[in-house]
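See structure below.
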Amino acid sequence: MSIAEEESPSVMPKVITFLCSLLERVAESNDHNQHLQQHQKISVFHGLTRPNISIQCYLERIFKYANCSPSCFVVAYVYLDRFTQRQPSLPINSFNVHRLLITSVMVAAKFMDDMFYNNAHYAKVGGITKVEMNFLELDFLFGLGFHLNVTPGTFQAYCVHLQREMLLIQPLNFSDSTLNLGQSLKAHLCFNEDECSHQKQKQQQQLAV
Amino acid sequence: MEKPGGGGVLSAKEAFEKLEKVGEGTYGKVYRAREKATGKIVALKKTRLHEDEEGVPPTTLREVSILRMLSRDPHVVRLMDVKQGQNKEGKTVLYLVFEYMDTDLKKFIRSFRQTGQTVPPQTIKSLMYQLCKGVAFCHGHGILHRDLKPHNLLMDPKTMMLKIADLGLARAFTVPIKKYTHEILTLWYRAPEVLLGATHYSMAVDIWSVGCIFAELVTKQALFPGDSELQQLLHIFRLLGTPNEDVWPGVSKLMNWHEYPQWNPQSLSTAVPSLDELGLDLLSQMLKYEPSKRISAKKAMEHAYFDDLDKRHL
């Protein structure tokens, strides 16, 4: 399978499920810890109230209407992680997770895909105005320091992390080959073996911490 | 990178004095400017944001991101900073601050054409080696340039230093994605697989462009100056022969494949008569039809053509 080939459609909706599960737990955890964190900033990503739509429904909506490469969702996850590492005073919570999600997927699609929808389309999908979408995009890019490239090693490591999430959701089905995300994507990710193993090691050390 | 609303940081207007406009692209103008604090001359690429619909242009997004990663290589133009500002109408603009380079390879070749001189063979060799080195660096980091042409190769005519620029069409090719567009790259430097509609392509598209640039440095004329996709293919076929399944397995399955006029391959020396034997051998390996058979940038650097080149300062 060539490095540019698309993943099978049966695999990718699972990624949505795993990503959703992970973000729900992170947001919930940060909601609970909010009173302990004095240095939290309010950012352009914060809504005044919690959106009514669940993270699951929101992600499915983005998946349905964004029509971007399934890989974009893994890359969006990488961006969210980088963003929160670079902006420790802006942890993901239920007030900002939706805006962060729509922005990260849009930026991933713009960077990764040659054909993608414009900001106006993503604004509609995300239920926000075009003006707000553009503000969010700029803030997200500068917040990331425009660090958008994702190496195969990093991509693989984040797939492994999502795979762990799958274990939490579906511990009994782990051997099911259609769920084995790391395996099914492994064929794509052998551009630079040294980098892959080095990145993976580094990533797993970080995740272990 | 200056973050929006970054307090206490000078805006582009305050930090730079525009000296002259040196170019214009799809998304805005390029200025030669002076950094007020240091007196250093820089290139300022001003990017308009089409605020209502598109937001940050994908070319800008890719260029900044990719140059953040590649700018440390001496043969890739250095992106020094990105600043956010506002124009007279109060619209958001981004300023990309680059090191300033005096000229580009297109102007360099034109100057030789106008004076009727040939580019010295050792100069060609040095420039080609630097180009291969820069391309190898990009490819080694999983980046396809996809728009290599003389205009996008900046030069310092005093030191003969060459740098790859304009990575707006570049993209990462290391993660599985949807099909690539085949509407990339200026026609004259476009690889046959792209012209024939391949939707998945590789580093070999850049090597084809490098080969076309190599020939142009020698002859001071574009190797394949087509004015449409069809004419471009016919230019290629006339010199290299019409491809078939024997020389290029899978060619007839490509989206834009038709029955084309049949030409036999010519010797490359007919098109590039003043190039020596080793140069012709390297060029032929860069212009192989089958992408997987095309030489890599890294291998090209090891080619015997470059053996007599002093590489210490390159």
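The values are calculated or read from the model by the stated rules, or taken from the named source; none is laboratory data. This is a predicted model, so every value here is computed, not measured. Note: ideal-geometry Cβ built from the backbone for every residue, glycine included; neighbour counts use all protein chains shown.
For the subset of the stretch B:122-156 comprising residues that are touching a Phe, Trp or Tyr at 6+ places or on another chain (Cβ under 7 Å) and assigned to a loop (DSSP other than H, G, I, E, B), which member is surrounded by the most Cβ atoms within 10 Å (Cβ to Cβ)?
Filtering the stretch B:122-156 down to residues touching a Phe, Trp or Tyr at 6+ places or on another chain (Cβ under 7 Å) leaves B:125, B:128-129, B:142, B:144, B:148-149, B:155.
Then drop every residue that is not assigned to a loop (DSSP other than H, G, I, E, B), which leaves B:142, B:148-149.
Numbers: B:142: 22, B:148: 28, B:149: 22.
Applying the filter and picking the extreme gives B:148.
For the subset of the stretch B:252-303 comprising residues that are in a loop (DSSP other than H, G, I, E, B) and of a type in the set (D, E, K, R), which member is nearest to residue B:214 (Cα to Cα)?
At the first step, the residues of the stretch B:252-303 found to be in a loop (DSSP other than H, G, I, E, B) are B:254-267, B:272-276, B:287-290, B:294-296, B:302-303.
Next, only the ones that are of a type in the set (D, E, K, R) stay: B:259, B:276, B:288, B:290, B:294, B:302.
On the way: B:259: 30, B:276: 12, B:288: 14, B:290: 19, B:294: 15, B:302: 16 Å.
Filtering the stretch B:252-303 for residues that are in a loop (DSSP other than H, G, I, E, B) and of a type in the set (D, E, K, R), the one nearest to residue B:214 (Cα to Cα) comes out as B:276.
Against the definition (surrounded by fewer than 22 Cβ atoms within 10 Å (Cβ to Cβ), more than 27 Å from residue B:279 (Cα to Cα) and modelled with pLDDT of 90 or more), how does residue B:101 come out, yes or no? Spell out how you get there, then give the answer.
Values: surrounded by fewer than 22 Cβ atoms within 10 Å (Cβ to Cβ): yes; more than 27 Å from residue B:279 (Cα to Cα): yes; modelled with pLDDT of 90 or more: yes.
Taking the combined requirement at face value, the residue satisfies it.
Considering (1) more than 27 Å from residue B:198 (Cα to Cα); (2) at pLDDT below 95; (3) not charged (D, E, K, R), say which one residue B:275 fails and leave the rest.
Result: residue B:275 fails condition (2) only.
Conditions (1) under 18 Å from residue B:220 (Cα atoms); (2) within 13 Å of chain A (Cβ to nearest Cβ); (3) in contact with a Ser or Thr (Cβ under 8 Å, 6 or more places away or on another chain), marked per residue:
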{"residue": "B:92", "(1), (2), (3)": "no, yes, no"}
{"residue": "B:102", "(1), (2), (3)": "no, no, no"}
{"residue": "B:109", "(1), (2), (3)": "yes, no, no"}
{"residue": "B:123", "(1), (2), (3)": "yes, no, no"}
{"residue": "B:128", "(1), (2), (3)": "yes, no, no"}
{"residue": "B:134", "(1), (2), (3)": "no, no, no"}
{"residue": "B:146", "(1), (2), (3)": "no, yes, no"}
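In this structure, is residue B:312 outside the structural domain of residue B:126 (by TED's automatic domain parsing), within 29 Å of residue B:125 (Cα to Cα) and surrounded by fewer than 18 Cβ atoms within 10 Å (Cβ to Cβ)?
On the way: outside the structural domain of residue B:126 (by TED's automatic domain parsing): yes; within 29 Å of residue B:125 (Cα to Cα): yes; surrounded by fewer than 18 Cβ atoms within 10 Å (Cβ to Cβ): yes.
Yes; evaluated as a whole, the condition is true for this residue.
Check residue A:110 against each of (1) part of a helix (DSSP H, G or I); (2) over 12 Å from the mean Cα position of the chain (by Cα); (3) away from every other protein chain (no Cβ under 14 Å) and name the one condition it does not meet.
If we test residue A:110 against (1) part of a helix (DSSP H, G or I); (2) over 12 Å from the mean Cα position of the chain (by Cα); (3) away from every other protein chain (no Cβ under 14 Å), just (3) comes out false.
How many residues, within the stretch B:55-89, are outside any strand (DSSP E or B) and of a type in the set (A, V, I, L, M, F, W, C)? So that I can check it myself, show each step before the final result.
Of the residues in the stretch B:55-89, the ones outside any strand (DSSP E or B) are B:56-75, B:77-78, B:87-89.
Then keep just the ones that are of a type in the set (A, V, I, L, M, F, W, C); that gives B:56, B:61, B:64, B:66-67, B:69-70, B:77.
Final tally of qualifying residues: 8.
Evaluate the stretch A:172-184: report whether one residue or more is of a type in the set (A, V, I, L, M, F, W, C) and at pLDDT 90 or above.
Looking only at the stretch A:172-184, we keep the residues that are of a type in the set (A, V, I, L, M, F, W, C), and these are A:172, A:174, A:179, A:181.
Remaining after also requiring at pLDDT 90 or above: none.
There is no residue in the stretch A:172-184 that is of a type in the set (A, V, I, L, M, F, W, C) and at pLDDT 90 or above.
Here is a check on your reading of the model: is residue A:99 outside any loop (DSSP other than H, G, I, E, B), within 22 Å of residue A:25 (Cα to Cα), basic (Lys, Arg) and more than 9 Å from chain B (Cβ to nearest Cβ)?
Numbers: outside any loop (DSSP other than H, G, I, E, B): yes; within 22 Å of residue A:25 (Cα to Cα): yes; basic (Lys, Arg): yes; more than 9 Å from chain B (Cβ to nearest Cβ): yes.
Yes, satisfied.
Within the stretch B:10-24, identify whether any single residue is more than 29 Å from residue A:150 (Cβ to Cβ), assigned to a loop (DSSP other than H, G, I, E, B) and at pLDDT 75 or above, and answer yes or no.
No - not one qualifying residue is present in the stretch B:10-24.
Is it fair to say residue A:131 is assigned to a helix (DSSP H, G or I), out of contact with any Gly (no Cβ under 9 Å at 6 or more places or on another chain) and in contact (Cβ under 8 Å) with a residue 40 or more places away in the chain?
Answer is no for this residue.
Within the stretch B:120-140, how many residues are under 15 Å from residue B:211 (Cβ atoms) and among the β-branched types (Val, Ile, Thr)?
Looking only at that region, the number is 2.
Find the residue count for the stretch B:60-75, including only residues that are at pLDDT 85 or above and within 14 Å of chain A (Cβ to nearest Cβ).
Taking the stretch B:60-75 as the starting set, the residues that turn out to be at pLDDT 85 or above are B:60-61, B:63-67, B:70, B:73-75.
Applying the additional criterion that residues be within 14 Å of chain A (Cβ to nearest Cβ) yields B:60-61, B:63-67, B:70.
Final tally of qualifying residues: 8.
Quick check on my filter: what residues within the stretch A:124-133 are buried (at least 23 other Cβ atoms within 10 Å of the Cβ) and within 9 Å of chain B (Cβ to nearest Cβ)?
Across the stretch A:124-133, the qualifying residue is only A:133.
Return only the number of the condition from (1) surrounded by 14 or more Cβ atoms within 10 Å (Cβ to Cβ); (2) assigned to a helix (DSSP H, G or I) that residue A:85 does not satisfy.
It fails just one condition, (1).
Filter the stretch A:135-152 down to residues that are at pLDDT below 90 and part of a helix (DSSP H, G or I) and give me whichever is farthest from the other protein chains (Cβ to nearest Cβ).
The selected residue is A:135.
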